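Asker: My questions all concern the structure below.
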Amino acid sequence: MKTFLWIATAGMLAFASCQSKPSYTIKGTIEGVADGEVVYLQDLVGRNWVSVDSAVVTGGTFQFTGDADTVTVSRYVTYAPGEMQTMVFLEPGTITLNMNKEVSKVAGTVCNDAYQKFMDEFIPLNKEMFALYQQSKNDSLSAEQRKEAEKQLEEKDSLSMEMMFNAISSNITNLMGVQMLTNYYGAFETERIQPLVDQIPASYASNEDVVALKEHLATVAKTAVGQKFIDFTMNTPEGESVKLSDFIAKNKYTLIDFWASWCGPCRAEMPNVVAAYKKYQAKGFGIVGVSLDRDAEAWKKAIKDLNITWPQMSDLKAWDCEGAKLYGVRSIPATVLVDQEGTIIARNLRGDAIESKLAELLK
């Protein structure tokens with residue numbers, strides 16, 4: 001999960017320096033921790049914990065008090081990071097936190113209440129999804145039973161995404177909603193995200209993650225359906241330099257397929273792509289694979305193992321892939337369908353959607 005590093009303006013400015021500033025108090029309980037142990041209030045910068053404050057556990061309780069002033073930030077309350085850690089929004093007021101190794105709960109202020117409400121609904125659903133995933137991998141199931149488990153998993157996944165989207169849209173004017181949006185926007189279509197971005201308060205405008213999100217959306221807009229494709233040059237597995245345009249000019253329709261050998265969903269999707277290529281290649285359909293690999297040998301092995309027979313290109317920069325950046329690709333598999341004139345006519349076709357679109361175009 002992406003690190004929470006938000007700083008956002010909230011509340012009213014103090015009228016004079018002599019007035020008391022808004023403050024937060026975290027009143028916590030923690031299970032299974034002896035008196036004298038230390039709980040920390042920390043920021044997670046990259047992969048490193050940075051301590052902001054500490055409190056000693058007494059009778060299973062601890063407390064943090066600090067100056068909330070005019071900004072709200074999210075931090076983590078941790079005990080032996082990795083064992084117990086809970087995100088808390090440091091808003092003015094009294095925040096209650098109950099920590100244990102299973103499920104911690106936080107409440108007392110606007111953002112903390114909103115986030116806890118979301119987690120109370122999301123965690124049970126996530127557990128159901130994991131159980132269905134395990135069930136779908138059971139070798140004793142018949143093909144029909146496995147298909148039914150996968151169908152239920154897909155339905156639960158769609159439900160979880162709607163749950164997340166609703167939580168974001170309901171809280172987009174506060175830190176909780178903005179923070180969730182910048183962390184999970186990749187799960188939603190740009191058309192759904194843009195209206196939410198437009199509602200982000202001006203006080204968040206300079207936040208680095210909000211700035212990055214807006215830049216990403218601008219990039220995606222340049223390669224949206226109806227726009228002309230953007231050309232780039234990379235190497236084939238054999239080390240030959242090739243241009244994307246070289247392939248697009250040869251086909252009636254070309255699918256730019258962003259993938260990687262290490263990507264499980266990419267490998268699971270590849271049989272659908274292979275089937276579409278076999279069925280429509282003779283009618284003018286082509287594919288160009290753009291790999292987000294870093295290991296050339298792993299890339300070559302996957303090409304062979306997955307029965308990929310269409311052209312491939314990569315700069316072997318993984319997530320720093322220049323082609324992926326040009327098209328705003330933040331998750332894979334991702335696809336862009338381009339016609340022979342270079343116009344983008346579809347994005348992110350997967351599964352049966354590839355077959356349906358090609359059947360429509362190549363009658």
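Asker: Can you name every residue in the range 178-209 that is more than 17 Å from SER331 (Cβ to Cβ), modelled with pLDDT of 90 or more and open to solvent by less than 30 Å² (accessible area, probe 1.4 Å)?
Answerer: Those that are more than 17 Å from SER331 (Cβ to Cβ), modelled with pLDDT of 90 or more and open to solvent by less than 30 Å² (accessible area, probe 1.4 Å): VAL178, GLN179, LEU196, VAL197, ILE200.
Asker: Considering only residues that are buried (at least 20 other Cβ atoms within 10 Å of the Cβ) and within 12 Å of THR29 (Cβ to Cβ), which ones fall in the range 96-118?
Answerer: Answer for the range 96-118, where residues must be buried (at least 20 other Cβ atoms within 10 Å of the Cβ) and within 12 Å of THR29 (Cβ to Cβ): LEU97, MET99, SER104, VAL106.
Asker: While we're here: Looking for something more than 18 Å from GLN227 (Cβ to Cβ), surrounded by fewer than 17 Cβ atoms within 10 Å (Cβ to Cβ), free of Cβ contacts under 8 Å to residues at least 12 places away in the same chain and in contact with a Phe, Trp or Tyr (Cβ under 9 Å, 6 or more places away or on another chain) - is there at least one such residue anywhere in the range 349-359?
Answerer: Yes; the residues of the range 349-359 include at least one that is more than 18 Å from GLN227 (Cβ to Cβ), surrounded by fewer than 17 Cβ atoms within 10 Å (Cβ to Cβ), free of Cβ contacts under 8 Å to residues at least 12 places away in the same chain and in contact with a Phe, Trp or Tyr (Cβ under 9 Å, 6 or more places away or on another chain).
Asker: Grab the helices (runs of 4 or more DSSP H) fully contained in the range 253-328, keeping just those with 1 or more residues being in contact (Cβ under 8 Å) with a residue 40 or more places away in the chain and of a type in the set (S, T, N, Q).
Answerer: 264-280
Asker: Quick one: would you say TRP299 is crowded, with 19+ Cβ neighbours inside 10 Å, aromatic (Phe, Trp, Tyr), more than 18 Å from GLU355 (Cα to Cα) and under 20 Å from the mean Cα position of the chain (by Cα)?
Answerer: No; evaluated as a whole, the condition is false for this residue.
Asker: Right, next: With respect to the numbered conditions (1) modelled with pLDDT under 90; (2) open to solvent by less than 60 Å² (accessible area, probe 1.4 Å), which one is the sole condition not fulfilled by MET1?
Answerer: Here MET1 meets the rest and fails (2).
Asker: I would also like to ask the following. Take the conditions in a helix (DSSP H, G or I), free of Cβ contacts under 8 Å to residues at least 12 places away in the same chain and either open to solvent by less than 40 Å² (accessible area, probe 1.4 Å) or over 23 Å from PHE122 (Cβ atoms) (or both) and apply them to ALA212. Does it pass?
Answerer: When the stated conditions are applied, ALA212 does not pass them.
Asker: Hey, can you tell me all the residues within the range 217-243 that are over 27 Å from the mean Cα position of the chain (by Cα) and of a type outside the set (Asp, Glu)?
Answerer: Listed by number, the residues that qualify are THR233, ASN235, THR236, PRO237, GLY239, SER241, VAL242, LYS243.
The values are calculated or read from the model by the stated rules, or taken from the named source; none is laboratory data. Because the structure is predicted, anything quoted here is derived from the model rather than measured. Neighbour counts run over all protein chains shown; Cβ positions are idealised from the backbone, glycine included. In case anyone asks, the SASA skips ligands and DNA or RNA and just uses the protein heavy atoms, side chains included. Shrake-Rupley method; radii C 1.70, N 1.55, O 1.52, S 1.80 Å.
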